[in-house]
1. When you look at the Cβ of every residue in B:159-170, what mean number of other chain Cβ atoms sits within 10 Å?
2. Would you list the P(r) distribution for the stretch B:126-175, with all Cα-Cα distances sorted into 10 Å bins from 0 and each bin expressed as a whole %?
3. Residues of A:79-88, mean number of Cβ from any other protein chain within 10 Å of their own Cβ, rounded to a whole number?
4. Cα centroid distance between the stretch A:57-105 and the stretch A:18-36, in Å?
5. How many partner chain Cβ atoms sit within 10 Å of a residue's Cβ in peptide B:101-111, on average, as a whole number?
6. Which distances in nm, rounded to one decimal and ordered from shortest, link the label point of B:D16 to the equivalent label points in the other identical copies, with labels set 7 Å from Cα toward Cβ?
7. Using 23 Å as the Cα-Cα cut-off, could you pick out the over-long pairs in A:K78/A:K134; A:K134/A:K232; A:K134/A:K222; A:K222/B:K232?
8. When a footprinting reagent is the concern and you count Cβ atoms within 10 Å, what order do A:F156, A:F142 take, fewest first?
Protein chains: 2
Amino acid sequence: MDQNSLPPIQTTARDDAVLKALVGFVRAEALQPGERLPTERILAERLKVSRNTVREALTRWEGLGLVERRQGSGTYLKAAVSPDMLHMPLTLAGGNDFSSLMQTLEIRRALEAEAAALCAERASQADIAEIARKLDIMEQAFRTREGMSSEEDWEFHQAIYRVSGNPLFEQIIAAMHELFHRFWEHPLGVRDFGHASFPYHRTIYERIAARDPRGARAEALKLIATVEDDLKRGAAKLKLSSQT
Amino acid sequence: MDQNSLPPIQTTARDDAVLKALVGFVRAEALQPGERLPTERILAERLKVSRNTVREALTRWEGLGLVERRQGSGTYLKAAVSPDMLHMPLTLAGGNDFSSLMQTLEIRRALEAEAAALCAERASQADIAEIARKLDIMEQAFRTREGMSSEEDWEFHQAIYRVSGNPLFEQIIAAMHELFHRFWEHPLGVRDFGHASFPYHRTIYERIAARDPRGARAEALKLIATVEDDLKRGAAKLKLSSQT
DNA sequence: GTGCAGAAATTGGTTGGACCATTGGACCAC
DNA sequence: GTGGTCCAATGGTCCAACCAATTTCTGCAC
């Protein structure tokens, strides 16, 4: 029997319908990322469904990173939406241990290098100026706060991913960035973590500005190498202290 | 069932706490994928939260593919869970168009090259023999079936990811591979798709067997380049035919 | 007018209770 | 057995509140 000739029937699919309607709304209103979308209460009323159903739908979108909810403020679009988006939720059974972190770094090394190269290929003058701006902010924060410019550092990298023209870079690395932070925020890490990588931000930028993909890739690899070194040093220190 | 494995919830960030408690429960009860977890009503009662909160949490898990809900039946575990999972929701804007596939290919190029290099560094003699075996199977399938050895082809690549020592390579690329295939099956592609990439499988293997990371990376890049070419040719053909 | 503290309105988060739709098993007539 | 009917369990939806964080407005002191 051809199993395809008897597909499961679909009766109710409320929250799916809500999401589809919401996609239509975002397109109709031409909402851009960052803009606020209607209140849950308004959506419930307009779509003639309960607020709970709206919330289930929005919870799904939030899980996909398409939307961000801020209590007391509203729900904000976080990424562009289209009727034919493809979702690929990937959950990795990772750990907080050293080797897991090294594994994410291996992935990041590959992606960071590729992103830097693509960025150098495709950056417009405006893009380069934007990256330069982020670099300045980061360097200033680094100097005034004696290191620990992680927030500005991250924005610099994000700018590169964005200019690479491929949103997947940012999405994948962002997930790992989060894991990374969860790790060394609380547990003790190396105090001057990230110091060694500092100079390479500028060299990466210079290679991008010079439209030199190969050079940009090489500098990105050097940066990741310093992070790996820091991580290994931290692990060694941890091992040492736990032995006493 | 041990009631102590479901202690009440603390304070704010309710649904997150629910998920954390649920992870603990799954571990405590050693639930395997396929097994049913407690009723929403029971969870709500045990955790001292409202059923809606439980539902929001389960909705998130459902969105991540960790769990499946069947009305009238129950909620079933779909994958293994661990306290420190890393979630990576990837969203491809614009589904079935050409650029989405090219974007996944850019990611795959970065990862494939890195995996091949790491594989060449770390492969044991047994690993190399295993890869050689997969290569033989693939080449034979290719010859007897006149191309279209996609299944065996994929297994060859998987062997490389596995030997790289980093499971993240396989998981990430596997997600994209699946996406890739969903387009390949139905929509018309180039008929001899993949033919051009065939010889590079052996050259990659040779570089790995020679413990030559740089060479392996270079050959992997060539392979991806041929796939990109095929894809571009397919897109051009499609464009041409849609104009008539 | 300006600035700022506090009240009020707005908005997402949570609760409890109700009912509907589907499922799957128990039971029964044939 | 076979096919039906009933019924309890379970996820899906709805409603009407209230809570907590945020934003906006208001009015007073200066």
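Values in this text are rule-based calculations from the coordinates and carry no lab data. Just so you know, these numbers come straight off a predicted model, no measurement behind them. Positions of Cβ are generated from backbone atoms using ideal geometry, with glycine treated the same way; all protein chains shown enter the neighbour counts.
1. Details: counts 0, 0, 0, 0, 0, 2, 4, 8, 5, 11, 4, 0.
Other-chain Cβ atoms within 10 Å of each residue's Cβ, averaged: 3.
2. Per 10 Å bin, starting at 0, the Cα pair percentages come out as 28, 46, 24, 2.
3. 6
4. 18 Å
5. Details: counts 0, 2, 6, 4, 1, 9, 9, 0, 3, 13, 6.
Per-residue shielding by partner chains comes out at 5.
6. 3.1
7. Working: A:K78/A:K134 20 Å; A:K134/A:K232 28 Å; A:K134/A:K222 20 Å; A:K222/B:K232 33 Å.
Result: A:K134/A:K232; A:K222/B:K232 exceed 23 Å.
8. Values: A:F156 22, A:F142 19.
So the ranking, lowest neighbour count to highest, is A:F142, A:F156.
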